[in-house]
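First the structure, in the form of C-alpha cells, and then the observations on it.
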Amino acid sequence: MHIGSFQFAPPLLPTLGYLVMLMFLIFLGVWQLDRAEQKHTELAHRAAAIEAPVVSLNDKPAESGLAAFEFRRARATGVYDTQRQFLLDNQVEDSEVGYRWLVPLRIEGQDQAVLVDRGFLPVGDDRRQLPAVVIEQPEQTVTGQIAPRPTVAMQLGEPSDNAGEWPRRVQYLDYEYFDSQTPYPLLAGQLLIEGSLDLAPRIERTGREAWRYGPERHEGYAFQWFSMAAALTVIWLVVNTKRRQPRNKS
C-alpha cells in the first residue's frame with residue numbers, strides 16, 4: 001500500500017501476532033469496564049437499600065430468609081444468648097488486633113435467632129485470656145444492617161481452637177458451624193451489624209471492604225489496557241511503514 005512517499009507493507013506473521021495481541025488487550029479492557037459497571041450497579045443497590053424502610057425481623061415469618069433484604073436497615077427485639085457467644089479471631093481495627101464479638105439474638109416470638117456483630121474487642125496483653133463478654137441487659141431491641149452471608153473460600157483447620165468452651169473463639173465465619181453449636185436455627189445464616197439507623201458511613205466502608213476496591217479502579221485498568229492497545233497499533237504502523245526510495249532515471 002502506497003501513501004504518498006511512504007509504503008505500508010506489513011508482513012503476514014507479525015500482523016497476525018499483532019491482531020491476536022490487539023484483540024486480547026481490547027478484551028481485557030472491555031472486561032474491566034464490565035466489572036466496573038457491575039460494581040456501579042451493586043453500589044447503587046446498596047445505596048437504595050439504605051433508604052428503604054426498616055425491616056422488622058420480628059414481623060418476618062420464621063421460614064423466610066433475609067437474602068432479599070441484604071444491606072437493608074433492620075430492627076429486632078429479643079434476648080441475647082449470653083451462654084453462647086463467639087469471638088471471630090484475627091481482626092484489625094485502627095491498627096489494633098482483636099476479635100469481632102458475635103452473639104445470637106433469640107428473636108421474640110420466634111424459635112430462631114440472628115447473629116449480631118456487637119463490635120470490636122481488643123486482644124489485650126495475654127492472648128490466652130479471652131476478653132470479658134458481659135451483656136448486662138440480655139433483652140434488647142437491636143438496630144443495624146443486614147449483611148450478606150460470606151462464603152468460606154478455604155478452611156484451614158477446625159473452625160475453633162477452644163471447642164467446648166464459651167465464649168467460642170473462631171477462625172473464620174462458618175454459619176453452618178455456628179448453627180451446629182446452638183439449639184435453635186440461625187436466621188438464614190445472616191449477620192446483623194449492630195449500630196444506629198444512621199448507617200451511611202458504615203455502609204460505604206463495608207461496601208468498599210467487601211469489594212476490595214470500587215469501580216474507579218476497574219475503569220483505570222480499562223484505560224490502561226486500551227492505551228496499550230493503541231500504543232501497540234501505533235508501533236505496528238510505524239514499524240511497517242517505510243519511505244519509498246525514489247526511482248533512478250536512466
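The values are calculated or read from the model by the stated rules, or taken from the named source; none is laboratory data. This structure is a prediction, so every number in the text was calculated from the model and none was measured. So basically every Cβ, Gly included, is an ideal-geometry build from the backbone, and we count neighbours across all protein chains shown.
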Margin query: I'd like to verify a number: residues in the stretch 213-239 that are among the β-branched types (Val, Ile, Thr) and farther than 16 Å from Leu25 by Cβ, how many?
Written below: 2
Item checked: Answer residue from the stretch 51-87, given it is of a type in the set (S, T, N, Q) and modelled with pLDDT of 85 or more and is farthest from Leu192 (Cα to Cα) among those -> Gln83
Notebook entry, point to check: Taking the condition among the small types (Gly, Ala, Ser) and at pLDDT below 95, does Gly29 pass?
Noted result: no
Next item on the list: Exactly one condition in (1) among the hydrophobic types (A, V, I, L, M, F, W, C); (2) in contact (Cβ under 8 Å) with a residue 60 or more places away in the chain; (3) out of contact with any strand residue (DSSP E or B) (no Cβ under 9 Å at 6 or more places or on another chain) is not met by Val134; state its number.
Entry: (2)
Item checked: Members of the stretch 79-99 found to be crowded, with 20+ Cβ neighbours inside 10 Å and either among the small types (Gly, Ala, Ser) or farther than 20 Å from Gly144 by Cβ (or both), listed by number -> Gly98
Check: Do we find a residue being touching a Ser or Thr at 6+ places or on another chain (Cβ under 7 Å), at negative phi, in contact (Cβ under 8 Å) with a residue 40 or more places away in the chain and not in a helix (DSSP H, G or I) anywhere in the stretch 15-24?
Finding: no
Check: Which one of these does Leu102 not meet: (1) assigned to a loop (DSSP other than H, G, I, E, B); (2) surrounded by 12 or more Cβ atoms within 10 Å (Cβ to Cβ)?
Finding: (1)
